[in-house]
1. Mind checking which aspartates and glutamates have their Cα closer than 15 Å to the Cα of residue A:437? Skip sequence neighbours fewer than 8 apart in that chain.
2. Which ³J(HN,Hα) values in Hz, rounded to whole numbers, follow from the phi angles of the range A:260-265 under the Karplus curve 6.51 cos²θ - 1.76 cosθ + 1.60, where θ = phi - 60° and Gly and Pro get x?
3. Using amide H atoms built 1.01 Å from N in the peptide plane, name the residues 5+ places from residue A:334, or on other chains, whose amide H lies under 5 Å from its own.
4. Pairs of alpha-carbon atoms within less than 8 angstrom and 6+ residues apart define the contacts here; what relative contact order does chain A have, in percent?
5. Would you mind checking the tilt of helix A:434-449 against the longest principal axis of the Cα atoms of chain A, expressed as 0 to 90 degrees and rounded to 10?
6. Any chance you could check the Cα centroid distance between the range B:75-142 and the range A:144-184 for me, in angstrom?
7. Return the sequence-ordered ³J(HN,Hα) values of the range A:22-27 in whole Hz as given by the Karplus equation 6.51 cos²θ - 1.76 cosθ + 1.60 applied to θ = phi - 60°, using x for Gly and Pro.
8. Anything over 29 Å Cα to Cα? Flag those among A:327/A:409; A:252/A:297; A:191/A:297; A:46/A:327; A:164/A:297; A:51/A:228, in the order listed.
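Bear in mind that the values in this text are calculations on the coordinates, not laboratory data. The structure displayed is predicted, hence computed values, not measured ones. Cβ placement follows ideal geometry from the backbone for every residue including glycine, while neighbour counts extend to all protein chains displayed.
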Amino acid sequence: MLEPAPFFALENISKHYGGVHALRDVDFECSRGSIHAVLGENGAGKSTLMKIMAGVVQPDEGRMVLEGAPVTFPNPSAANRAGIVCIFQELSLMPELTVADNITLSSPPRRFGFIDSRAQRRCSEELLARIGCEDINPLSRVSDLPLSRRQMVEIAKALGRDPKLLILDEATSALTSADVDRVYRMLFELKARDLSILYISHRMHEIEALADRCSVFRNGRHIETFAKGARSRDEIIGLMIGREIEGQFPAKPRRPRPASLITIRDLSWESRLNGIGLEAGRGEIVGLGGLDGQGQKELLLALFGVLRGVRGTVTLEGEPTAASSPKAAKSGRARMALVPEDRKSEGLILSMSIADNIAMASLDRLSHGMFMDPGRTRLAVERAIEQLRIKIGDAADPVSTLSGGNQQKVVLAKWLATNPDVILLNDPTRGIDVGTKQEIYRLMRALTEEGACILFYSTDYEELIGCCDRVAVMYDGRIVRELEGDAITERNIIASALNIAEQPETAHV
Amino acid sequence: MSRTADMTITPRGLRLRPDDKPVVFAAGFVLLILLVGTGYTLYTQGSAPLLQPQYLVQQLQVGSFLGIVAAGLMVVILLGHIDLSVPWTLTAAAMMATAVGGPWAIPAGIAIGLLVGIVNGLGVAYLRVPSMIFTLGMNAVMRGLMVAHTGGFAPQTAATDLMQYLAVSRIGGVIPVALLVWLMVSVAVVMILTCTTLGRSIYAIGNRERAAYLSGIDTNRVILIAFALSGAAAGLAGVLLAGYSTKAYQGMGDAYLLPAIAAVVIGGTNILGGRGRYLGTLVGVILIVLLNSVLSIMQIPEAGRQIIYGCVIISMLLVYGRGARVNG
């Protein structure tokens, strides 16, 4: 095999956040004139890899070699100067500035020290024309553009930096299919001009259409790199999964499906939820699967009364309800509880005490009229700390002094104090040690034994398989498949999550 | 041996919680002001009037009006908001109280304050207008209404006897009634902040409104109530101040907004909300009142007084700010 010398190579790169290894000992290289796809599950380390290449985060170990010379990028602009430009998943445009301002943000053309707005506009027009977006006015404000146009502006901005290595992280997720075609053409053109392109996507058909080479990541390790066509879809999925099962889950009881406690019909919200139908009964743990950002979080928030303008019906114990706020949701006929996505900013008030946080959702139960009952509050707090085995020094300490796992237990304790019927869990075990995870699994099972109903969103498929009686896999704001019993396998979940059964064209909406 | 053991234990017993530090610091500064002032008078006059009970009681009586305003304002600041409508809420309450007269004078004054507070609360909580803008606007509106009401002149109506009694009289010739009113307001605020679900919710919202909302706290209602309390406190202060000067006049509230904010913040309440104890606000009010009084006793010219006053506020906040960063 005669391989061209790699343009950019990573050697023995490792990165960990706290105790979590995001990347372990990764070797990776990419060459000029090729499109290289990077595949992997959520949390496989793809994004961390890109961030290291783009200078957003620094590796703990290992070195990077650019065109034969070792380099370090202390910040993103250093990587930019070396010709490495990244288009991230989250849009990085300033919504209040014009398209032209954004495109030339990092190095605007100058005349006499002032920004030359005419040159700026001309240069933006050229870049937009290169990706076939002559219809975007460089003088319009970014916030006035629809999401798909903004994504194209983002691509134009990246091209304006004259990249040698272009990294696209889920860059097509918000595009219309016409724009996707334009992006494809642009990528092929850039490839012909000897650029190196890294392409991260969850969409298999895109990878098949674009990539010359594919690399699979799993659990922070680089598993395999192969040329396009060397592996079938099934083999690729196998590579993405193939990990040892760790962690123990409590046994699932075998019993007939219970009567429905919560029935969701045709639930829609903006473009993020598109007609969701789901039922769950007492004693059930129903998992929400799928890739990140397919509407799972929005579904939980909609049920909890946080979102405005939700259409469709939700029936609790046979009665139609429409929770208008979390307060209404937690005090309705069937009480709901939500363990939110970000425990540090949404689940807890970090600077307040452990006791205050535990009492926060059940203030009305712990008071006479408007006055708190200190005795009852203390008892409730002590009981919760004991029940969940939260390891604390003093309940009056700020909750920020606890470890992540114990903090999450405080969030759970807060909601268990309201004695909820429907418990909505948004990725409750993220960033938590294995021991606490197992305690949370056991707690979930114990709560359902007592008659609660749990809706459980997790980015970790293993958890869904181990914990759930049923798993509803979401894609693009819809439930594409409901798996039950033995059908809940990693292969099935991933296949549904990637929506492989779908025709490629319908995937971009 | 046993003595050294005791000594190693004492510091732990004295260890201050982060919230206590500003209170202790402000109290220490109050003593410092008294000492410096006394040193000055001993040197120039050979007497120590600042340490006499009459002087101190007199200062507390004058401080009562500021104290009541600061108590209400603190509730709003704990939420992370601000109430800039205090000056003309206070003035409007005073003018309406004297205009109504008779037994309904005091309820009318407080009701005006309450009403302004509720409008503020509706604007901030439900319309989501930033409180700094909305209350500033309300201040201007109230000012315009009062100018329209009086024609721009000092109203001719006088404070009722009860208002004058509350503001000026002393029980047994010693304890000012105004001080007792301040005390009652203080007890009420302490109760609200420490013993009620409302108080708990106020701290929660001030720390992180989103987490409080997701915990099922009716955040809008809490914000509304807090602004209503602040307005009512300003109204009460206006009623008392009209009683103190026997009448209401234009701009009588102008001197109360910034000192009240300063008192709350010097007392250790975080201007961004969520942290602070009422005791601190109490000490902060005393500090501001004494500082003003001592500076004028020392016959420092107005320009110098303003400079010293400003420097004290800034330097105290610098000290707290550094502490908070270390703790946080």
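1. Answer for residue A:437, where 15 Å is the Cα cut-off: A:246, A:427, A:460, A:462, A:463, listed by chain and number.
2. Once rounded to whole Hz, the list reads 6, 9, 10, 10, 10, 10.
3. Long-range HN contacts for residue A:334: none found.
4. Details: 967 pairs, mean separation 78.4, N = 509.
Worked out over chain A, it gives 15 percent.
5. Taking the Cα atoms of chain A, the angle to A:434-449 is about 50 degrees.
6. 51 Å
7. Along the range A:22-27, the couplings run 7, 9, 10, 6, 8, 10 Hz.
8. On the way: A:327/A:409 21 Å; A:252/A:297 25 Å; A:191/A:297 37 Å; A:46/A:327 39 Å; A:164/A:297 37 Å; A:51/A:228 25 Å.
The pairs that break the limit, which is 29 Å between Cα atoms, are A:191/A:297; A:46/A:327; A:164/A:297.
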